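Chemist: Let me give you the structure first, and then I'll get to my questions.
Since every read-out is calculated from the coordinates, none of them should be taken as a lab result. As the structure is a computational prediction, the values presented were derived from the model and not from experiment. Note: ideal-geometry Cβ built from the backbone for every residue, glycine included; neighbour counts use all protein chains shown.
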């Protein structure tokens with residue numbers, strides 16, 4: 001069988017590995033990330049999406065190389081155009097990607113084509129498999145997975161000005177992002193001018209990422225995407241099933257009140273799992289005997305310990321938004337958000353794995 005051909009990157013030349021050995025520090029985050037993973041496994045997985053498989057037609061860039069450029073973009077919160085320049089000018093980034101010093105990075109249009117290929121030919125399955133691959137790598141590296149999983153959702157604002165977009169639609173135009181929807185960001189109780197307490201609701205226009213995160217190692221194990229109006233509780237059971245299919249040692253699931261649905265508690269019980277979903281007062285303070293089962297649940301050690309772990313997912317969301325730009329959508333449309341969410345989750349997991357395996361933390365780039 002003929003071997004696939006790729007664009008020559010010069011990584012084995014003097015200007016490749018030899019020179020990088022002299023200039024990229026051994027403990028640099030990107031050196032550790034390059035060494036931690038056998039990236040060729042992604043070449044084999046992604047090459048199936050290439051027409052001709054790298055054998056017929058013009059040689060493409062190795063898909064694993066393009067994937068690494070994408071991860072650099074998410075790591076440093078760069079656009080496709082910015083990451084092209086960054087990789088060309090930054091030696092550790094060039095080394096991580098697999099380019100010789102005198103070789104040019106793939107241009108931004110190559111990244112766009114790569115992303116479209118994943119969407120059109122790989123569909124949702126390829127993104128789920130990429131995330132699963134990272135989780136399995138963590139298991140192979142001996143990273144410990146604890147028994148508690150945390151489920152929650154995080155919102156991203158659509159790359160749209162809602163006021164201008166509404167004016168455009170009022171004049172007969174199409175919405176800039178037809179898949180985005182209004183959703184509730186959060187509710188809080190405030191006092192009005194009369195000193196009375198009332199509920200204040202803050203809304204956002206965009207999308208949600210529904211996440212399952214392991215409390216012990218902070219790795220994202222399952223992910224689903226929806227528009228902003230989606231009810232969080234509907235995504236709970238499918239996230240649980242996806243975790244269990246990966247053979248994770250899960251015993252307890254914890255989540256906030258938005259997931260306190262009888263169906264979710266029941267599905268955990270059927271699967272032999274403990275529920276630490278925070279209970280609403282309507283369950284524990286109602287005036288009938290049916291509340292006893294919920295009062296007993298609230299006293300279990302699994303429930304109490306699960307709620308203590310919930311803050312870790314909020315910390316992960318803060319990292320994604322403040323450090324890597326996940327507060328706003330990079331692209332338009334549902335599929336654009338799916339791409340962003342899965343690449344973000346993969347990047348966050350790899351970042352965490354380098355910390356756990358090599359003890360090397362990530363430092364943001366210095367902007368002049």
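Chemist: At 0.36 nm per residue, minus the direct Cα-Cα distance, what do residue 139 and residue 328 gain on full extension? Give it in nm, one decimal, please.
Modeler: Numbers: separation 189, 0.36 × 189 = 68.04 nm, distance 3.14 nm.
Roughly 64.9 nm would be gained on extension.
Chemist: Given an 8 Å cut-off on Cα distances and at least 6 residues of separation, report the relative contact order of the chain as a percent. Working shown, then result.
Modeler: Values: 546 pairs, mean separation 68.2, N = 368.
With pairs under 8 Å counted, the relative contact order is 19 percent.
Chemist: Now for a separate question. List 182, 39 from most exposed to least, where exposure is judged by having the fewest other Cβ atoms within 10 Å.
Modeler: 182, 39
Chemist: Share of antiparallel DSSP beta bridges in the range 144-333, in percent to the nearest 5?
Modeler: 75
Chemist: Over the chain, with a Gaussian network built from C-alpha contacts below 10 Å, which listed residue (272, 228, 333) shows the highest mean-square fluctuation?
Modeler: Residue with maximal mean-square fluctuation among 272, 228, 333: 272.
Chemist: Find how many whole Å separate the alpha carbon centroid of the range 153-189 from the alpha carbon centroid of the range 64-94.
Modeler: 30
Chemist: With r as the distance between the Cβ atoms of residue 85 and residue 292 and R0 = 41 Å, compute the FRET efficiency 1/(1 + (r/R0)^6) and round to 0.05.
Modeler: The calculated FRET efficiency here is 0.05.
Chemist: While we're looking at this one, here's another question. Of the candidates 22, 35, 200, which one comes out as most mobile in a Gaussian network treatment of the chain with C-alpha springs shorter than 10 Å?
Modeler: Of the options given, 200 has the highest mean-square fluctuation.
Chemist: Could you check the simple spin-label distance between residue 171 and residue 112, using points 7 Å along Cα→Cβ, in nm with one decimal?
Modeler: For residue 171 paired with residue 112, the spin-label model returns 2.5 nm.
Chemist: In the chain, what % of DSSP beta bridges are antiparallel (nearest 5)?
Modeler: Of all bridge pairs located within the chain, approximately 75 percent are antiparallel.
Chemist: Can you classify the range 241-329 as rounded, prolate or oblate using the Cα gyration tensor, where a ≥ b ≥ c are the square roots of its eigenvalues, rounded means a/c under 1.5, and otherwise it's prolate if a/b beats b/c and oblate if not?
Modeler: Here the range 241-329 falls in the prolate category.
Chemist: How long is the gain from residue 281 to residue 121 if the chain were fully straight, where each residue apart is worth 0.36 nm and the alpha carbon distance is subtracted?
Modeler: Full extension of this stretch gives 52.9 nm more.
Chemist: Rounded, prolate or oblate: pick one for the range 1-160, where a ≥ b ≥ c are the square roots of the eigenvalues of its C-alpha gyration tensor, a/c under 1.5 means rounded, and failing that, prolate if a/b is larger than b/c, else oblate.
Modeler: The shape class here is rounded.
Chemist: Most mobile of 316, 68, 40 per a Gaussian network model of the chain (Cα springs, under 10 Å)?
Modeler: 40
Chemist: For the modelled label position 7 Å from the Cα of residue 164 along Cα-to-Cβ, which residues of the range 319-351 have backbone nitrogen atoms closer than 14 Å?
Modeler: Label zone hits: none.
Chemist: Another question about this same structure. Taking the Cβ of each residue in 187, 284, 237 as the centre, tally the other Cβ atoms inside 10 Å and list the residues starting with the fewest.
Modeler: Values: 187 9, 284 13, 237 20.
Neighbour counts put them in this order, fewest first: 187, 284, 237.
Chemist: Among rounded, prolate and oblate, which fits the range 83-206 when a ≥ b ≥ c are the square roots of the eigenvalues of its C-alpha gyration tensor, a/c under 1.5 means rounded, and a/b larger than b/c means prolate?
Modeler: Oblate is the answer for the range 83-206, as a/c is 1.5 or above yet b/c matches or exceeds a/b.
Chemist: Can you sort 362, 337, 204 from fewest to most other Cβ atoms within 10 Å of each residue's own Cβ?
Modeler: Fewest to most other Cβ atoms nearby, the residues stand as 362, 204, 337.
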